[in-house]
Amino acid sequence: MNETTRFNVSYCSDPLFKLRVLKQATVEKCDICLLNENNPLRYGEFVEKVYKTQRKIRAHYFCLLSGTNIPQNGSTPAGIAGFKISDVLSSYAEYREKQCYYCRHPSAPVECAQAGCGRRFHYICGYSNSCVTQFGGEFRSYCDQHLPEGCRVPVTTKGRRCSICFEDLPQVTEPDYNPLSIVRTHCDSECPPGLLHRECVQRFAYTSGYNFKCPLCWNKAFRVHAAEVGIFIPQRESAWEREPGAFKDLHKRKCTAVDCKVGNGRNAANQLVGCKVCGGQLMHRQCCGVSDADDYLCSGCRDESFVRLV
């Protein structure tokens, strides 16, 4: 995955949050974990917030969500996507001197939720060492020794490819193999038992929002499993629904083809079909060149990600 593709995701960049999102590698450090890695598909977007005129606070969004002692008490536009600046600053005292179990460096804000464990770690170190933060319910985190049952299911990747990008999956024999970097699908008896790169699923979740579902069988129950194995699913409209004028053609009931071959008469309106993914960009079957309405994809959804999913 190249640098441009890695940073081509959007959640905290929503104008509603009034945040600056760092879109490239940086030497600036997260004020929570004190690390500077920047990979929004793995660690959430690296954001910067100006407060009290000239002061700045920077954080990986998933450091905020996974921090055991960082409450989210603000409204959506307040602070950093709902985290009050005062709460974030106050939280430093809880973990600044706590050492990460994996890298042995300080400022480890995540604590294993298993009773009696006490291991603390940076979210970034946890990602690399088979730990998990469940992005649902109480947002609990677990170290590699106390993973929930659903995260301990053995995964065999030999000869398998990701069902989203169709690239090879990491092998058990590789030195940096991480079983939690692979997400399984098997929603019910009719769902194919697929394997997916965790980063591919996270990108799909960023894009889909409320419409996130299994990419193989389209079952929305998949979102529960995905959240339990560490996928953050934004609670917002899908990317295609947030495009300016996304639904205007639905009300007009007119063909959106540049060179319409049928016209927009009353009878012609009965021949219109909408995109199978977003329902937009209505066209006559003759104009979009499909005989089956379920085969039509609009130009907005006909990118690499959706073509492979549908």
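Take A226 and tell me if it is open to solvent by less than 60 Å² (accessible area, probe 1.4 Å) and in contact (Cβ under 8 Å) with a residue 60 or more places away in the chain. So A226 fails the test.
Somewhere in segment 21-44, is a residue part of a strand (DSSP E or B) and modelled with pLDDT under 95? Yes. Could you list, in sequence order, all residues of segment 154-170 that are exposed (fewer than 12 other Cβ atoms within 10 Å of the Cβ) and closer than 27 Å to G209 by Cβ? Listed by number, the residues that qualify are F166, E167.
Only a single criterion out of (1) surrounded by 21 or more Cβ atoms within 10 Å (Cβ to Cβ); (2) not in a loop (DSSP other than H, G, I, E, B) is not satisfied by S107, namely (2).
Residues checked against (1) out of contact with any Gly (no Cβ under 8 Å at 6 or more places or on another chain); (2) under 16 Å from P109 (Cα atoms); (3) of a type outside the set (S, T, Y):
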{"site": "I32", "(1), (2), (3)": "no, yes, yes"}
{"site": "N39", "(1), (2), (3)": "yes, no, yes"}
{"site": "R42", "(1), (2), (3)": "yes, no, yes"}
{"site": "E45", "(1), (2), (3)": "yes, no, yes"}
{"site": "V50", "(1), (2), (3)": "yes, no, yes"}
{"site": "K56", "(1), (2), (3)": "yes, no, yes"}
{"site": "H60", "(1), (2), (3)": "no, yes, yes"}
{"site": "C63", "(1), (2), (3)": "no, yes, yes"}
{"site": "G74", "(1), (2), (3)": "no, no, yes"}
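Restricting attention to segment 293-310, which residues are at pLDDT 75 or above and either in contact with a Leu (Cβ under 6 Å, 6 or more places away or on another chain) or surrounded by fewer than 20 Cβ atoms within 10 Å (Cβ to Cβ) (or both)? Within segment 293-310, A293, D294, D295, L297, S299, G300 qualify.
Of the residues making up segment 52-76, those that are among the hydroxyl-bearing types (S, T, Y), open to solvent by 10 Å² or more (accessible area, probe 1.4 Å) and within 14 Å of F121 (Cα to Cα) number 1. Of all the listed residues (F7, F17, F46), the sole one being open to solvent by less than 60 Å² (accessible area, probe 1.4 Å), out of contact with any helix residue (DSSP H, G or I) (no Cβ under 9 Å at 6 or more places or on another chain), hydrophobic (A, V, I, L, M, F, W, C) and at negative phi is F17. Output the qualifying pairs, or none if there are none: Cβ atoms under 9 angstrom, residues six or more apart or on different chains, first residue in segment 265-278 and open to solvent by less than 20 Å² (accessible area, probe 1.4 Å), second residue at pLDDT below 75. Every condition considered, the pairs that remain are C275/W240; C275/R302. Looking at V290, V273, V258, just one residue is in contact with a Lys or Arg (Cβ under 7 Å, 6 or more places away or on another chain), farther than 18 Å from G209 by Cα, modelled with pLDDT of 70 or more and among the β-branched types (V, I, T), and that residue is V273. Checking R140, R198 one by one, the residue that is of a type in the set (K, R), surrounded by 17 or more Cβ atoms within 10 Å (Cβ to Cβ) and under 20 Å from Y101 (Cα atoms) is R140 and no other. Considering segment 110-137, the residues that are farther than 17 Å from F62 by Cβ and not small (G, A, S) include one that is surrounded by the fewest Cβ atoms within 10 Å (Cβ to Cβ), namely C117.
For W218, the conditions (1) open to solvent by less than 40 Å² (accessible area, probe 1.4 Å); (2) on the phi > 0 side of the Ramachandran plot are fulfilled apart from (1). The residues of segment 50-78 that are in contact (Cβ under 8 Å) with a residue 24 or more places away in the chain, in contact with a Phe, Trp or Tyr (Cβ under 8 Å, 6 or more places away or on another chain) and under 20 Å from D14 (Cβ atoms), listed by number, are I57, R58, A59, H60, Y61, F62, C63, L64, L65, T76, P77.
The values are calculated or read from the model by the stated rules, or taken from the named source; none is laboratory data. Nothing here was measured: the structure is a model prediction, and the numbers come from that model. In this analysis, Cβ positions are derived from the backbone assuming ideal geometry, glycine residues included, and neighbour counts consider all displayed protein chains. Accessible surface areas use protein heavy atoms only, side chains included; no ligands, DNA or RNA. Shrake-Rupley method; radii C 1.70, N 1.55, O 1.52, S 1.80 Å.
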